[in-house]
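This report refers to the structure that appears directly beneath it.
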Amino acid sequence: MNQAKRRYRAEKALFLERLKQAVKAGEPIPRYPKHKDHVLKAYGEECANCSSRENLEIHHKLNNGKQHRLLISKGRAGNDFYAALKRRGYPNREPYLLEVLCKKCHKVHTKLNGRRKDYGETQAGGGHSG
Ligand SMILES: [Zn+2]
């Protein structure tokens, strides 16, 4: 069993324990944490720009998200990308500096700065964690 699998198992066991306790105490059933929850926790749980804690996304500071996704998650965004970050131990260094932005700030940033053409990004479309 590889390290990632072991970690998933540990997370699952931890959640099951929490679930059992919640049921026993008559508390609301907790939601199973997604890969994104762990990733946001690792990089900070608030927007680096406005400190909002809602609708958070991972932002590539150097606007090279597409390149990064091609490298680690077969170009896929969302869940696959978050899972790949976890597998890699939440890397955050040149040339793939990551930070947390809320959806609103992320959108504004992308609009102002575009996406890097030298990394093969296009100006149009997207909207995911770039
Ligand atoms: Zn924000």
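Readers should treat all values here as calculations from the given coordinates under stated rules, not as data from a laboratory. Please read all numbers here as calculations on a predicted model, not as lab measurements. All Cβ positions, even for glycine, are placed from backbone atoms using ideal geometry, and neighbour counts span all protein chains on display.
Given the pairs Lys86/Lys107; Lys12/Lys86; Lys74/Lys104, which are separated by over 22 angstrom at their Cα positions?
Correct reply: Lys86/Lys107; Lys74/Lys104.
Could you work out the Kirkwood radius for the chain, taking every pair of different alpha carbons, averaging 1/r and inverting it, reported in Å?
16.0 Å
What does the charge add up to near Arg53, with Lys and Arg as +1, Asp and Glu as -1, over the other residues with Cβ less than 9 Å from its Cβ?
Result for the neighbourhood of Arg53: -3.
Treating only the Cβ atoms of Lys and Arg (+1) and Asp and Glu (-1) as charged, compute the dipole magnitude of the chain about its Cα centre; round to the nearest 20 debye.
Computed charge dipole of the chain: roughly 460 debye.
Give the relative contact order (percent, whole number) for the chain; include only Cα pairs under 8 Å separated by 6+ residues.
Value for the chain: 30 percent.
Among Glu17, Glu46, Glu57, which comes first, second and so on when ranked by fewest other beta-carbon atoms within 10 Å?
By the 10 Å Cβ count, ascending, the order reads Glu17, Glu46, Glu57.
Among Val39, Val100, Val108, which one shows the biggest mean-square fluctuation in a GNM of the chain, springs joining Cα atoms closer than 10 Å?
Most flexible of the set in this elastic network: Val108.
Would you tally the net charge around Lys74, using a Cβ to Cβ cut-off of less than 15 Å, leaving Lys74 out, and scoring K and R as +1, D and E as -1?
It works out to a net charge of +4.
Gaussian network model of the chain, Cα springs within a sub-10 Å range: biggest mean-square fluctuation belongs to which of Ala42, Ala84, Ala13?
Ala13
If you take every residue apart from Glu27 with its C-beta less than 12 Å away from the C-beta of Glu27, what net charge results, scoring Lys and Arg +1 and Asp and Glu -1?
Its environment carries a net charge of +3.
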